[in-house]
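One structure is given below, encoded as structure tokens.
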Amino acid sequence: MISNNLKKTDFSRNLSTKLGFPFSLSKKIIEDLIIIYLEMIKNNNLVLKNVGSFKLVNKKERLGRNPKTNEEYLISKRRSVRFIVSKNLSKIINR
């Protein structure tokens with residue numbers, strides 16, 4: 001059963017059923033994989049062949065506005081992750 005909002009436990013459960021691993025091992029694999037991906041993104045960027053690339057971008061400080069009250073406020077500078085889909089994945093999706 002696949003839902004729109006997958007959790008790490010859902011990934012772990014799918015991995016354990018498909019490969020026959022114990023759930024605890026699958027959970028450890030998924031958690032370690034996510035930690036490795038986060039470290040790679042934090043250091044530079046992460047490119048997954050035939051999937052896409054994750055890139056760390058720095059956003060500048062800017063002025064924002066509450067749409068209900070039109071009250072202006074300052075949005076602080078921050079780091080964000082940008083994902084760019086690979087051409088191969090885009091072709092597969094659009095078939």
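The values are calculated or read from the model by the stated rules, or taken from the named source; none is laboratory data. Computed from a prediction, not measured in an experiment: that's the story for all the values here. Methodologically, a virtual Cβ is constructed for each residue, glycine included, from the backbone with ideal geometry; neighbour enumeration extends over all protein chains shown. To get the accessible areas, we keep the full protein, side chains included, count just its heavy atoms, and leave off ligands, DNA and RNA. Shrake-Rupley method; radii C 1.70, N 1.55, O 1.52, S 1.80 Å.
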Report summary line: Of the residues in the stretch 72-84, those that are open to solvent by 100 Å² or more (accessible area, probe 1.4 Å) and either within 23 Å of GLU39 (Cα to Cα) or under 22 Å from the mean Cα position of the chain (by Cα) (or both) come to LYS77, ARG79, ARG82
Report task. Please identify the pairs in which a residue from the stretch 40-57 that is more than 12 Å from VAL85 (Cβ to Cβ) has its Cβ atom under 8 Å from the Cβ atom of a residue that is part of a helix (DSSP H, G or I) and open to solvent by 60 Å² or more (accessible area, probe 1.4 Å), counting only partners at least 6 apart or on another chain. Result -> LEU46/TYR37; LEU46/MET40; LEU56/LYS42
Query raised in the report: Looking at the stretch 18-29, is at least one residue in a strand (DSSP E or B) and surrounded by 15 or more Cβ atoms within 10 Å (Cβ to Cβ)?
Result: no
Requested in this report: Could you grab the pairs with beta carbons closer than 6 Å, sequence gap of 6+ or different chains, first residue in the stretch 78-95 and outside any strand (DSSP E or B), second one at pLDDT below 95 and exposed (fewer than 11 other Cβ atoms within 10 Å of the Cβ)?
Outcome: SER86/ASN50; ASN88/ASN50
Query raised in the report: In the stretch 51-71, how many are surrounded by 10 or more Cβ atoms within 10 Å (Cβ to Cβ) and assigned to a strand (DSSP E or B)?
Result: 9
Query raised in the report: Here are GLU39, GLU61: which of them is modelled with pLDDT of 95 or more and of a type outside the set (S, T, N, Q)?
Result: GLU61
